[in-house]
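Worksheet for the structure shown next.
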Amino acid sequence: MLHKGIKDTQNFMKCVLSQSSVTLLLYRHIWGREREVKTTMPVQELNPTHYSAQRAAAVAQHFLNTRHGSPYQWFHVEQVQSATMEEITGVGRKYHVVFSAKEGVSDQSVGLCTADVLFPQEGGDQTAPQVQCSCKGLPAVNTTAQEEALYQELQRSSTLVTGNNIPGIFGYIAPKMKPLWVLAAVASSFVMLKESNENTLYNMAQVANVTQLKSEDKQLKFQYHVLLHEMISQEIIHWQLLATWGPAEGVNVLHTEWQPKCDHCVLPPANTSKDPSHTD
């Protein structure tokens, strides 16, 4: 009986130890996964002139245009002042950039802008970067009078506006087409924001054509065919955009459609892709 009791006690202890080992291993597994998900690498300082910092600032620029752009407000990065990158395991890379920006039509400075740009980890459901951005001088940019005047002119006109190859040869943009070029740049920012990742750097190169469409509401409607320049690959990418605009509602992009690659397309003069008010 004594021998049997000792043997039963030994079996019981083995069971307890076995269960404890499983519990400990399971705890370590779960705890380890939690630590892995929350692990972040040390914040890395970036050279503001390098592509990684420039790409993050460009994404913030597109974000600004989707929120505040109009035919008389087109924002672009002037200079990246500082940039950092933080890698978050299981999430992606977060960039913090400080840059100076200008409104391109009036050439008015909007001061320093601060942005956080999160590029999601590849293979996840989220593909477009997530952006938070603010600029100190943004409220000072007021183009209400110009926008109302353009809106009334287009509303009252008996002829719908059309145009091709803007800018044209030598970078020329007819004065009456400048607001529609800027509107195309703003509408293109909706596409460029969505399509951007850590390996791209987009800019609008040219408006192949624009057609004003009849509209049943107060918003003006435009069909655009734009050429986007992806500067890393040097590829020219064609997109069709259906955009609406009105002073009250701002710019909205209702539909976008990628167009097949054009092997024979060329860039217009380089100095026209940045300054919408430039003429020769």
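Available extension along the chain between S106 and S157 is 15.8 nm, counting 0.36 nm per residue and deducting the alpha carbon span. The label point for H238 and the one for N165, both projected 7 Å from the Cα toward the Cβ, are 1.5 nm apart.
What you get for the range 151-225, charging only the Cβ of Lys and Arg (+1) and of Asp and Glu (-1), is a dipole of about 280 debye around the Cα centre.
Which of the three applies to the range 138-199, rounded, prolate or oblate, going by the alpha-carbon gyration tensor with a ≥ b ≥ c and a/c under 1.5 meaning rounded? Kindly include the intermediate steps, with their values, before the conclusion.
On the way: a/c = 1.98, a/b = 1.30, b/c = 1.53.
Cα axes put the range 138-199 in the oblate bin.
Distance from the Cα centre of the range 115-168 to that of the range 51-83, in angstrom? With the range 115-168 and the range 51-83 each reduced to a Cα centre, they are spaced 11 Å. Here the 3J(HN,Hα) profile of the range 121-135, calculated from phi with Karplus coefficients 6.51, -1.76 and 1.60 at θ = phi - 60°, is 5, 4, x, x, 6, 7, 10, 6, x, 9, 10, 10, 8, 9, 10 Hz, Gly and Pro shown as x.
Anything over 31 Å Cα to Cα? Flag those among K218/K261; K194/K218; K194/K214; K136/K261, in the order listed. Check vs 31 Å cut-off fails for K218/K261; K136/K261.
Tell me the GluC sites (Glu not before Pro) within the range 104-183 that lie in a loop according to DSSP and have at most 10 other beta-carbon atoms within 10 Å. Taking the range 104-183 and a limit of 10 other Cβ atoms within 10 Å, the loop GluC sites (Glu not before Pro) found are E122.
FYI, it's all coordinate maths here, none of it is from the lab. Keep in mind that this is a model prediction, so the values were computed, not measured. Positions of Cβ are backbone-derived with ideal geometry, glycine not excepted, and every protein chain shown enters the neighbour counts.
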